[in-house]
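**Q** Submitted below is the structure of interest, expressed as structure tokens.
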Amino acid sequence: MGAASPLPRTAPATLAAPLPATGERDDYLRAFRTEAGIVSVTSQDSAATAAMAMADCLILRPAGSAPAAAGDPVTVLPLA
């Protein structure tokens, strides 16, 4: 429709807690921002509506990503 930037804007962030390796598909993990950095919510189950309600961003993890440690950089998609 002519939008100059039709895709959502991503932002760099720092993890406050470790993340496991990803599998064979991209992961979009529900997460929230803290003063220490980004923290993934405990339950990533699709039916976990409480987890979605507490999330204010998604962590974008490409397929085949290695485990990530606290302090590692990640890309997030802000939800609010």
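The values are calculated or read from the model by the stated rules, or taken from the named source; none is laboratory data. Quantities reported herein were computed from a predicted structural model and do not represent experimental measurements. In this analysis, Cβ positions are derived from the backbone assuming ideal geometry, glycine residues included, and neighbour counts consider all displayed protein chains. These area figures cover heavy atoms from the full protein model, side chains too; ligands, DNA and RNA do not enter into them. Shrake-Rupley method; radii C 1.70, N 1.55, O 1.52, S 1.80 Å.
**Q** What pairs come up if the first residue lies in the stretch 56-68 and is assigned to a loop (DSSP other than H, G, I, E, B) and at pLDDT below 95, the second is aromatic (Phe, Trp, Tyr) and open to solvent by 30 Å² or more (accessible area, probe 1.4 Å), and their beta carbons are under 7 Å apart, counting only those six or more places apart or on different chains?
**A** What qualifies is Asp56/Phe32.
**Q** Next up: Give me a count of the residues in the stretch 6-20 that are open to solvent by 70 Å² or more (accessible area, probe 1.4 Å) and of a type in the set (Gly, Ala, Ser).
**A** Qualifying residue count, the stretch 6-20: 0.
**Q** Quick one: how many residues across the stretch 26-55 are of a type in the set (D, E, K, R) and touching a residue at least 12 places away in the same chain (Cβ under 8 Å)?
**A** 4
**Q** Which residues, counting only those in the stretch 26-57, are closer than 16 Å to Ala13 by Cα, aliphatic (A, V, I, L, M) and open to solvent by 30 Å² or more (accessible area, probe 1.4 Å)?
**A** Ala36, Val39 - these are the residues of the stretch 26-57 that are closer than 16 Å to Ala13 by Cα, aliphatic (A, V, I, L, M) and open to solvent by 30 Å² or more (accessible area, probe 1.4 Å).
**Q** Return yes when Gly23 is surrounded by fewer than 15 Cβ atoms within 10 Å (Cβ to Cβ), in contact (Cβ under 8 Å) with a residue 40 or more places away in the chain and at negative phi and no when it is not.
**A** yes
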